[in-house]
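The values are calculated or read from the model by the stated rules, or taken from the named source; none is laboratory data. All figures in this text were calculated on a predicted structure; none of them were measured in a lab. Every residue, glycine among them, receives a Cβ derived from its backbone with ideal geometry; neighbour counts consider all protein chains shown. These area figures cover heavy atoms from the full protein model, side chains too; ligands, DNA and RNA do not enter into them. Shrake-Rupley method; radii C 1.70, N 1.55, O 1.52, S 1.80 Å.
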Amino acid sequence: MYQYNEQDQTLVEERAAQYRRQTEDFLKGELTEDQFRALRLRNGLYIQTHAPMLRIAVPYGLLNSKQLRKLAHIAREFDKGYCHFTTRQNVQFNWPELERVPDILDELASVQMHSIQTSGNCMRNTTSDPLAGVAIDELEDPRPYCEIIRQWTTLHPEFDYLPRKFKIAVSGAQLDRAATQLHDIGVHLVKNDQGETGFRILVGGGLGRTPVIGQVIRPFLDKQHLLSYLEAILRIYNLFGRRDNKYKARIKILVKETGLDKFSELVEAEWQQIKDGMELSDARIAAIKAHFTPPAYDTDAAQDQSLATQLSANPAFATWYKYNTAAHRVPGYRAAFISLKAPDSPPGDMTDTQLDAVADLADRYSFGQLRSTHRQNLILADIKQADLFSLWQALTNLKLATPNIGTVTDIICCPGLDFCSLANAGSIGVAKEINEALDDLDYVHDIGDVKINMSGCMNGCAHQSVGHIGILGVDKKGSEWYQITLGGSSENEAAIGERLGPAVARDEVTQAITTILDVYVKQRQEEESFLDMVKRVGITPFKERVYADH
Amino acid sequence: MQIIKDKAIIEDTFTTLADDAEPTRGDISVSLSRWKRDRELLLAHPGKVGVRLQASDATADLADDLKRIDLIELDFADFADGRLFSHAWLLRGRYHYQGEIRATGHYLLDQIFYLSRVGVNAFKPAKAEQLASILANLHDFSVKYQPSIV
Ligand code: HEM
Ligand code: SF4
């Protein structure tokens, strides 16, 4: 994992000091609401329905146990005893006091963490594959490039006041677990015809009220040109992105209005002028890569016989193993998911006790490290197969072993009306209700890979437009309604879901979802997945049933 | 009035000239459109000449004249309009402009460090009391990650 050097540490400390001064200036009345708003947002501080909300950066989802304990401490001392993991792998606190945020930032700086650029119209935290470095379908570990991008984006003097927020995601695997096609820039490690590794660059993806899938602007970019190419895109966006209308200010709109051909001409012309002199040297790449060398794996791990015995002796463990662990590139190891989707807890939430306990588990079993995922769960990436059983027992005691990863109850859900001042409708309550309606685990497992994403408004924080089943809260004359979409995906075959029909009322959502699943179960062919079936039959059979029930 | 230039407080010698005003004696600064309209006349002016750029102006329009211009003012109508940051970078990094680049208008004190990094070397304060803060803000950070002009 990347370790701060003196320069990195100085930067976060100076930033915390700067923010303390900004907060004081605001409280003294020397900064207007508007001015302070722009500054606090660059430090992840929103003003929400009940209290401020502080978003903390987790660069490409990587955390160590010390950082997790610090989050537990902050949850206890500055919040109401819990925190929230987001779709962008970050952490949010829902109840900090504005006056105490500078103290939180000092605490964070002490464990190499910060809130820099976690919101506002600037380059945001770079996200990545939570299985980076251990996935079996990986061409190359994307994290060194994420770190290179993290440093380049942090306090970038030219691109901190962009037309709108800007998100970059990097993936190095065959299966895209980082939703790269739905980012302002998607970076994908690929091999060219000569067998060299470089990047495929996508541009103009994004969610929100106009979801758009990114387009390939460069099929192959040599590694050394990564930053100059990003800089060229950002400069064109900064200069030509629309600033007259905030809903049209994202790069997706610029690319659409300009046309990809013309847009790439502009970028290429800019890039030609800056690429010489901005190369990433092999030495620099190697130096950053050195921070991500594999841990000291036990070469005898695969010799273990206990796992097979435990699996056959304990069906509950076997189920957890099947759903909540993933293949690892080192024999004898697995990556283990920590499900933050227990039926009675809001998706993505974790208590201070759980945070502390998981930090201990990371230390004991997984080299002291863990990752947050795009679907609001955590991963312990390097578990010896012989340790899986005791890990499972420990997680079970913590209510973190719900065997539902990748199933219909692994719902992505934004805070909705419960916390968010922009919300049109609640989402946490709906997720809970769906979860209760689907309390039969066998049924949930039989349904298999169905991803439900639900947002409380069209900003789309929970990626509802790319959920296999998307649920979007809408406001109808002051009451909560829900627009359902089917067939979306953020993985390789990225797609925007199609609307099922008119929005349904709050008390009919759960019924509508169970009906949709019922239609699938009855009409699927053999091993057909939900997404494949929607592709084959379209939305009509679902629509007929859902609206017929009314 | 006093401004900051090259990290020091100096007396500002420039007068801002409205588009329809007669050139005064001494150093003057004009809008880009006025520059385009009266270029020859302004070049004959005995004092120094500066040009004021808005965020929506294009630096390329000025590229051929840069050697004859002593000052470029980046005039912030809105602190959140980041185009002026790219304008500064382009003036220094692409067109190698050597003269004074000055931030004026509604920029934030917290943007001074960034502005100085993209090549802005002078700052006109909104209020005289801000001179000391501007000098301090130039040193908000002692470290930086990425190359820029500075
Ligand atoms: C509670 C406070 C929150 C507020 C006020 C908020 C605000 C917003 C807004 C205004 C947008 C729309 C941006 C646009 O259209 O350009 C947005 C998009 C988004 N937010 Fe949030 N959000 C909040 C919480 C969250 C949470 C909890 C998550 C993750 C679960 C999240 C992740 C995202 C994502 C992934 C997008 C879509 C990005 C895209 O358009 O490409 N946000 N948010
Ligand atoms: S989707 Fe809407 S309701 Fe949900 S967190 Fe985002 S802004 Fe708030």
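For the range A:222-302, the relative contact order comes to 43 percent (Cα pairs under 8 Å, sequence separation of at least 6). Cysteine residues of chain A whose Cβ has no partner cysteine Cβ closer than 4.7 Å: A:83, A:122, A:146, A:413, A:420, A:457. The B-A contact accounts for approximately 2800 Å² of buried accessible area, totalled over both chains at a 1.4 Å probe radius.
When DSSP beta bridges are restricted to pairs lying wholly in the range B:1-111, around 20% turn out antiparallel.
The local environment of residue A:235, defined by Cβ-Cβ distances under 9 Å, has a net charge of -3 under the rule Lys, Arg +1 and Asp, Glu -1.
Need the list of lysines near residue A:432 for cross-linking: C-alpha distance under 23 angstrom, and skip anything on the same chain fewer than eight residues off. Filter leaves A:80, A:341, A:399, A:451, A:476.
Find, among the GluC sites (Glu not before Pro) in the range A:222-322, those assigned to loop by DSSP (not H, G, I, E, B) with at most 15 other beta-carbon atoms within 10 angstrom. When the GluC sites (Glu not before Pro) of the range A:222-322 are filtered for loop state and at most 15 Cβ neighbours within 10 Å, A:279 remain. Contact residues in the range A:272-320 (at least 30 Å² less accessible area with all protein chains than alone, 1.4 Å probe): A:273. For residue A:532, the shell of other residues with beta-carbons less than 12 Å away shows a net charge of -2, using +1 for Lys and Arg and -1 for Asp and Glu.
Simple point charges give the picture: +1 on the Cβ of Lys and Arg, -1 on the Cβ of Asp and Glu, and for chain B a dipole about the Cα centre of about 440 debye. Counting Lys and Arg as +1 and Asp and Glu as -1 over every other residue whose Cβ lies under 9 Å from the Cβ of residue B:32, the net charge comes to +1. Rounded to the nearest 20, the size of the Cβ-charge dipole of the range B:73-129 about its Cα centre is 240 debye, with Lys and Arg at +1 and Asp and Glu at -1.
Spatial offset of the range A:226-289 relative to the range A:367-401 amounts to 38 Å, using the alpha carbon center of each. Look at the dipole of chain A built from charges on Cβ: of A:516, A:328, A:456, the Cα furthest out on the positive end belongs to A:456.
Of the chymotrypsin sites (Phe, Trp or Tyr not before Pro) found in the range A:220-249, no site is in coil according to DSSP while having at most 15 other Cβ atoms within 10 Å of its Cβ. Give the carbon-plus-sulfur fraction of the accessible surface of chain A in %, rounded to a whole number; probe 1.4 Å, heavy atoms of protein chains only. Ligands and nucleic acids excluded, carbon and sulfur reach 48 percent. Comparing A:170, A:159, A:274 along the charge dipole axis of the range A:138-283, the residue lying farthest to the positive side is A:159, per the Cβ-charge model. Across chain A, the relative contact order, built from alpha-carbon pairs under 8 Å that are at least six residues apart, equals 12 percent.
Overall form of the range A:139-181: oblate. Here a/c, set by the Cα gyration tensor axes a ≥ b ≥ c, is 1.5 or more, and a/b is not larger than b/c.
The overall shape of the range A:1-147 is prolate: from the C-alpha gyration tensor, with semi-axes ordered a ≥ b ≥ c, the ratio a/c is 1.5 or greater and a/b exceeds b/c. Taking the C-alpha atoms only, the angle from helix B:32-43 to the longest principal axis of chain B is near 60 degrees. Across all Cα atoms of chain A, the radius of gyration (one decimal) and Dmax (whole number) stand at 22.9, 68 Å. Loop-located trypsin sites (Lys or Arg not before Pro) in the range B:49-150 (DSSP state not H, G, I, E or B) with no more than 10 neighbouring Cβ atoms inside 10 Å: B:127. Within a straight-line Cα-Cα reach of under 15 Å, residue A:256 can be paired with the following aspartates and glutamates, leaving aside sequence neighbours fewer than 8 residues apart in one chain: A:184, A:265. With the gyration tensor restricted to C-alpha atoms of the range A:59-134, the semi-axes of the equivalent ellipsoid amount to 21, 15, 12 Å, longest first. Under the shape rule built on the C-alpha gyration tensor, where the axes satisfy a ≥ b ≥ c, the range A:413-508 is oblate, since a/c reaches at least 1.5 while a/b does not exceed b/c.
Pairwise alpha-carbon distances in the range A:318-397 exceed 21 Å for 20% of all pairs. At q = 0.16, 0.18, 0.21 Å⁻¹, what is the base-10 log of I(q)/I(0) for the range B:50-123 according to the Debye formula with one equal point scatterer per Cα and no solvent? Please give it to two decimals. Here log10 of I(q) over I(0) equals -0.46, -0.59, -0.81. Take every DSSP beta bridge whose two residues both sit in the range A:407-490; close to 55 percent of them are antiparallel. This model, with +1 at the C-beta of Lys and Arg and -1 at the C-beta of Asp and Glu, gives the protein assembly as shown a dipole about its Cα centre of some 920 debye.
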